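The values are calculated or read from the model by the stated rules, or taken from the named source; none is laboratory data. This structure is a prediction, so every number in the text was calculated from the model and none was measured. No Cβ is skipped: glycine too gets one built from the backbone with ideal geometry, and neighbour counts run over all protein chains shown.
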Amino acid sequence: MALLEVRNISKTIADKIIIEDISFEQEEFHKLAIAGASGSGKTTLLKMISGHLQPTNGTILFDGERVEGPDEKLLPGHKQIAYLSQHYELLNNYRVDELIWYENKLPESEATRLFEICKIDRFLQRRTNQLSGGEKQRIALCMLLIKKPKMLVLDEPFSNLDPMHTEILKTVLEDISENLKITCTLASHDPNDTLPWADKIIVIKDGKFLQQGSPLGLYHKPMNEYVAGLFGKYNSLKPQIAFLFGIVSKEKNVITRPEHFRISSNGSGVNGIISKIHFRGSFYDVEVLVDNAKITVKNDGNQWAVGDKIFLSLK
């Protein structure tokens, strides 16, 4: 039996449908990502899962029991589901250890290990108004985990962090999954958050379920351009352009990724002209014109120049 079962869940606010008839399951200890553009309903869905928002229709089961919404209980939230909002708050000018020990339900040795996993052990004696945003977030996360939940739900946890604190938090989440054996669900619109981390990804748009699958499956076989765009750059080839590369599609455009193509100066392939080159750090995005159609190619080296006539082929 799945740890989490979401059955035909819907949410309407002021006659506007925010979530419409979404169903899915999550197995224990599996990492699930909810992907979608801003405004797609990710936050609303997570709040209903964690018991902080009342569904209009449908049922949510956690560990075989129905999750009650705030209309049904005095204090909202499920005691075994920890929810970290984008807008977490810490009491100002309190020492970190004072805040955490007040919430603690763990033996001291386990709590100390948790501080290390959350990477907050260095500033337990500092006050909350002396911390950076990334440090405050990890403290808020630790305060949830110290209550020993079975599930952790995170809403866009990296959205307000700089690159350094983003990488620290990603390491923390990996350690939480591996060492604490807590089932995690994460919502994000960024493929750098979801693709490397998740076991399964669910894609929603305008409150509706679109597609689910493994990160590899969704990346290489998206059902449409919306799904493709959530997970990185892509090319949408019209049928006549796709046919030049040996791909037959009568009506639908064919979605490819930049790394699917190879550029060469001679040999077989489709004639093209390089129109733009963009440096991306560890690689280059090379834009190639083929019959006036723009195709982006991921290239490791910088051996090409704008205006070069080249041959383009699928790997």
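Just need a number here: residues in segment 102-123 that are in a helix (DSSP H, G or I), of a type outside the set (A, V, I, L, M, F, W, C) and under 21 Å from Asn179 (Cα atoms).
9
For segment 220-235, which positions are in contact with a helix residue (DSSP H, G or I) (Cβ under 8 Å, 6 or more places away or on another chain) and at negative phi?
The answer is Pro222, Val227, Leu230, Phe231, Lys233, Tyr234, Asn235.
Tally up the residues in segment 124-173 that are outside any loop (DSSP other than H, G, I, E, B), among the hydroxyl-bearing types (Ser, Thr, Tyr) and out of contact with any strand residue (DSSP E or B) (no Cβ under 9 Å at 6 or more places or on another chain), please.
2
Just name the residue that is nearest to the chain's Cα centre (by Cα) out of those in segment 224-239 that are part of a helix (DSSP H, G or I) and under 23 Å from Tyr284 (Cα atoms).
By that ranking, first place goes to Leu230.
Could you give me the residue pairs with C-beta distances under 6 Å whose first residue belongs to segment 121-145 and is in the same structural domain as Asn104 (by TED's automatic domain parsing), whose second residue is of a type in the set (Gly, Ala, Ser) wherever it lies, and which are 6+ apart or on separate chains?
Short answer, once both residue conditions are applied: Leu144/Ala82.
Tally up the residues in segment 90-116 that are touching a residue at least 24 places away in the same chain (Cβ under 8 Å) and either within 15 Å of Lys136 (Cα to Cα) or among the small types (Gly, Ala, Ser) (or both), please.
The qualifying residues number 12.
Exactly one condition in (1) among the polar types (S, T, N, Q); (2) in contact (Cβ under 8 Å) with a residue 40 or more places away in the chain; (3) loosely packed, with under 14 Cβ neighbours inside 10 Å is not met by Gln80; state its number.
Going through the list (1) among the polar types (S, T, N, Q); (2) in contact (Cβ under 8 Å) with a residue 40 or more places away in the chain; (3) loosely packed, with under 14 Cβ neighbours inside 10 Å, Gln80 breaks only (3).
Does Val290 qualify as being among the β-branched types (Val, Ile, Thr), more than 15 Å from Lys315 (Cβ to Cβ) and in contact with a Gly (Cβ under 7 Å, 6 or more places away or on another chain)?
Spelling it out, Val290 is indeed among the β-branched types (Val, Ile, Thr), more than 15 Å from Lys315 (Cβ to Cβ) and in contact with a Gly (Cβ under 7 Å, 6 or more places away or on another chain).
From Ile241, Ile255, Ile247, grab the single residue that is in contact with a Phe, Trp or Tyr (Cβ under 6 Å, 6 or more places away or on another chain) and aliphatic (A, V, I, L, M).
None of the others qualify; the one that does is Ile255.
For segment 129-174, what are the residues that are within 17 Å of Leu195 (Cα to Cα), surrounded by fewer than 17 Cβ atoms within 10 Å (Cβ to Cβ) and of a type in the set (Asp, Glu)?
Glu167, Glu174
Hey, among Leu75, Leu91, Leu99, which residue is assigned by TED's automatic domain parsing to the domain that holds Ile9 and either within 23 Å of Ala187 (Cα to Cα) or not in a loop (DSSP other than H, G, I, E, B) (or both)?
When all the criteria are applied, what remains is Leu99.
Do you know which residues across segment 1-48 are of a type in the set (A, V, I, L, M, F, W, C) and in a loop (DSSP other than H, G, I, E, B)?
Met1, Ala2, Leu3, Ala14, Phe29, Ala37
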